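The values are calculated or read from the model by the stated rules, or taken from the named source; none is laboratory data. All values derive from a computational prediction rather than experimental measurement. Methodologically, a virtual Cβ is constructed for each residue, glycine included, from the backbone with ideal geometry; neighbour enumeration extends over all protein chains shown. Heads up: the accessible areas ignore ligands, DNA and RNA and are worked out on the full protein's heavy atoms, side chains in. Shrake-Rupley method; radii C 1.70, N 1.55, O 1.52, S 1.80 Å.
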Amino acid sequence: MKSITLFLLILLLGLPSLPAHAGNNYLILLDGRILETEERPVNRNGSMLVPMRTIFEALGASVSYDAGTKRITGQYGEVEIVMGLNAKEASRNGETLVMSQPPALIDDRVYVPIRFVSEALGAEVEWDAERQAVQVYSETVGLIQKDRLPVTDESGKSFILHSEGNLRLKWSHTGKYRY
């Protein structure tokens, strides 16, 4: 009996400790690949929150947090996102936007709504209910203003480009359009 008790005690001491929200199985997929995070995403009232550095840096942006003002600032090229801890209003380049869930302090880490941050940087976001995954497509990051380009074939007929995955375009232009 003592050996069984000792075995169970050793087994329990050998298990890693998990934070309270670690029981979830949510995935974050960035361009089809699992985004590995130290801390797991948190579903808060239907909005997925992730540690701020996880999503900003994965999308190529820098991020900082001022604990005194509780202000989060993310920067990607010309795009600046400013959010306040527990505040539903945020700004992108000075334009006020409303989030479905505000950033929150969870287990001494700042968590932000992944959809808001991703879309504010220009990425596309989808929820995959079957896989319990947030899918972020970063190919459009930085393309906040989505202009229609005058894309035509050799005969001058317009066409639409479709892609499933990464796509790089290389073109030249002639005429009056500057792109």
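General observations
- For the range 63-89, filtered to residues that are touching a helix residue (DSSP H, G or I) at 6+ places or on another chain (Cβ under 7 Å) and not β-branched (Val, Ile, Thr), the residue that is farthest from residue 119 (Cα to Cα) is 65.
- Of residues in the range 83-132 being of a type in the set (Gly, Ala, Ser) and in a loop (DSSP other than H, G, I, E, B), the one nearest to residue 33 (Cα to Cα): 123
- Residue identified as hydroxyl-bearing (Ser, Thr, Tyr) and either open to solvent by less than 20 Å² (accessible area, probe 1.4 Å) or at pLDDT 95 or above (or both) among 100, 138, 118: 118
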